[in-house]
Every structure is written in structure tokens, then in C-alpha cells.
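Computed from the coordinates by the stated procedures, all read-outs in this text should not be read as laboratory data. No experiment lies behind these values; they were computed from the predicted model shown. Here the Cβ positions follow ideal geometry from the backbone for every residue, glycine too, while neighbour counts run over all protein chains shown.
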Amino acid sequence: MGKKAQRRQEQRTFEFTESQMGKMEEWRAEQRQILDAQKAEFKQFEFTNPFEGMENVYEDLTVSQEAARFQMEQGRQQRANVMAGLSGAAGASGIAGLAQAMAQQGVMQARQVGADIDQQERQNMAMRAQGAQQVDQMFRAGEAQKQAAEFGRESTLLASELGEMAGARAGEQAAIANQMGAYGMSAQMFGARVGAAGQIIGGLASGFSDRRLKKNIVLVGKSPNGLSIYNFEYIDTKFGEGIYQGVMSDEIPQEAVIKHSSGFDMVNYSMLDVEFKKVK
């Protein structure tokens, strides 16, 4: 890939990363607005006790005295009828005894009616107390439900805040990772360009191994892979002065040969098992 193509690739990478980060920020802002509105509505919701103000249905119970009055009236009428029926047959003493007996019956009947009324009153009191207890228990249960709902709301809001913080951190880390990835790609490309330039520069300084540029060529050995190793001097001292050791470009695998714009061969010694060096 040429330098211009690499620079275009880097630019496209950075532009894509910046675009993705911008879109993510816009999406986060929109979601934040929606969430804030929902949280505000949730905060303003008022939890109430469903049993607050509940009345004791037995509070206003009263004793029914109509039956008692009817019973007393009926008893008096019965006793009067008895007295009227027996007054002709009984003497004075008999009438007195009969009246006393009727009076005792009236007293007994009054006591019975009073006992009935008292029993009703006790029943009413028991029912009022039971009703009050039920109302109190239901009110307390309602308060517990209300407190649980309030606590649940606080827990939900706290979890929401923690989730937002975690999401924000994850988003930031992802953005940073993307940005660093882009920087890393750029650095890698730059390093590749530097490495290629270094190879070319190194070749210009010491990698020209074209036989046409050399003189006093002497075979001195073989590499482990069987490549011939020579000592030689450069005809033109601009390529170096003294005796150097290396290969001939026309005797090595051609994938290690680099054609220079000057028309002469260069050698990438990193692909060979021969070291290019100055021996003298």
C-alpha cells in the first residue's frame, strides 16, 4: 500500500471513529432525557395507604329496645287480663295475693328484659372492639405496604443511577478503546512505513549487492542454506569504502531482491541467512 493510500485509510479510520463516538453521545443524551422524565414521574408518584380512613362498621351499633318495650307491654296486658278475670272469684285477700304474684311476675319480666338488653350491649361492645381491632390491623398493614413501596422506589432509583454510571463507564471505555484502536492502527501503519523506509535506507547504505557495482570479488564461503558469500569492494566509494562481505543479487532467491530506481539491485538481507557487514 502506497503512502497516500495509507494516509487515506488512516483518515477514514479516524473519521469513522469520531462519527461513531458522536452518534453514541447523541443516543446517550436522548436516552438520558427519557430516563430523567420517567424518574421524575416516578419520584412524584404518591403512595397511599389503601385502608386509611376506614371506619369501624360496628361503631354505631345500638341496643334494640323495641322488642323489650313490646315484651314489657305484653306482660302488663297479660297480667291485667288475669287480674280482671279473677277479681270476681277471689276475695279481698285473694285479690291482694294475686296482685302480689302479678307484681313479682312483672319484676321477673323486667329483670329478664334488662338481662337481654345487657347481653345485647355486651355483644355490641365486643363487636365494636373487634371491628376497631380489624381496622387498626388493616391500617397497619396498609402502612407497611406504603413503606415497602417507598423503599422499593428508592431501591429502583438507586439501581437506575448505578446502572447509568456503569453504562456510562462502559461507553466511555468502549469509546476510548475504539480511539486507541484507531491510534494503534495509525501507529502500526506509521511503523510499517518507517520500517519500509528503514529497509530502503539501509539498502542504500549497505544493501546494494548488484555485481555491476563491485570489484575485487572473492568467494569466502557458503551459508547454511548454500548461498555463496563474497568479500568485495564498491567501485564507487559513495556506496562505502573498504572491504564488505555479502552476496551477489543474481545468485539469491529473487524475492529478496529489490529493484532500485537507479536500475541496480538491492538485497533484503533479513530474508537471507547471510549477514551483510564490513570486514575491513
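For a straight C-alpha distance cut-off of 17 angstrom, the aspartates and glutamates reachable from Lys23 (same-chain residues fewer than eight places away being disregarded) are Glu15, Glu172. Counting only lysines at least 8 places from Lys214 when in the same chain, those with an alpha carbon closer than 24 Å to its own are Lys222, Lys238, Lys259, Lys277, Lys278, Lys280.
Note on Lys39: aspartates and glutamates with a C-alpha under 12 Å away, same-chain residues under 8 apart excluded, are Glu154, Glu161. Sorting the segments 236-249, 123-136, 39-52 by their mean number of nearby beta carbons within 10 angstrom, highest to lowest, gives 236-249, 123-136, 39-52. What nm distance separates the two modelled labels at Phe42 and Arg8, each placed 7 Å from Cα along Cα→Cβ? Simple spin-label model gives 5.1 nm for this pair.
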